[in-house]
1. Suppose we filter the range 68-107 for residues that are out of contact with any Asp or Glu (no Cβ under 6 Å at 6 or more places or on another chain), in contact (Cβ under 8 Å) with a residue 12 or more places away in the chain and under 14 Å from Ile30 (Cβ atoms); how many remain?
2. Has the range 12-25 got at least one residue that is open to solvent by less than 40 Å² (accessible area, probe 1.4 Å), among the charged types (D, E, K, R), modelled with pLDDT under 95 and within 18 Å of Arg154 (Cβ to Cβ)?
3. Determine the pairs where a residue that is within 11 Å of Val74 (Cα to Cα), located within the range 142-155, has a partner that is among the hydroxyl-bearing types (Ser, Thr, Tyr) and crowded, with 24+ Cβ neighbours inside 10 Å with Cβ atoms under 9 Å apart, the partner being 6 or more residues away or on another chain.
4. How do the helices (runs of 4 or more DSSP H) wholly within the range 39-137 filter down when requiring 1 or more residues that are at pLDDT 95 or above and farther than 19 Å from Arg154 by Cα: which remain?
Amino acid sequence: MSDAAGPRGSATRGRVARRALGIDLGTRRIGVAVSATGGLAFPRPTVARSGDEARDRGRLVELAREAGATTVVVGLPLSLDGTEGPAARRARAEAQALAEVLAADGIDVETFDERLTTVSAMAALASGGTRGPAARRRVDSAAATVLLQAWLDRQ
């Protein structure tokens, strides 16, 4: 499992991703985005948390396989000062568990700094006229899209 969350982000530099899946791990929903060409990220439907971590992980593995992903990018929710809190530690653990399952398929799993992706996603939804409950339903996939696009741009 690679980590591009640090200031250098060199773990992925020089490699072009063809297909990638971005994941924003929320407590109620998991935001999902996909890039089929390595150029643009597009939102996909969210995955509702079932309360069963293995079941949720299995669904993410299915999505990665269905997308033909070569890389899965998991958002790492660092604190604004760059430190890791409980949410970041949970995301790392989930990314590691995904990496162990996806390694058999040759799919890499990386973490990537997701600071302010939800804020950016909410702003983008609001500027497009989506607010209130409708925005809250779409923000997780929008945040995954912002995350994946930032990762792609860094490639």
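1. Counting residues in the range 68-107 that are out of contact with any Asp or Glu (no Cβ under 6 Å at 6 or more places or on another chain), in contact (Cβ under 8 Å) with a residue 12 or more places away in the chain and under 14 Å from Ile30 (Cβ atoms) gives 8.
2. For the range 12-25, residues open to solvent by less than 40 Å² (accessible area, probe 1.4 Å), among the charged types (D, E, K, R), modelled with pLDDT under 95 and within 18 Å of Arg154 (Cβ to Cβ): present.
3. The qualifying pairs are Ala144/Thr117; Leu147/Thr117; Leu148/Ser35; Trp151/Ser35; Trp151/Thr71.
4. Numbers: elements: 53-67, 86-102, 117-127.
So the answer is 53-67, 86-102.
The values are calculated or read from the model by the stated rules, or taken from the named source; none is laboratory data. Source: prediction; values computed, not measured. No Cβ is skipped: glycine too gets one built from the backbone with ideal geometry, and neighbour counts run over all protein chains shown. In case anyone asks, the SASA skips ligands and DNA or RNA and just uses the protein heavy atoms, side chains included. Shrake-Rupley method; radii C 1.70, N 1.55, O 1.52, S 1.80 Å.
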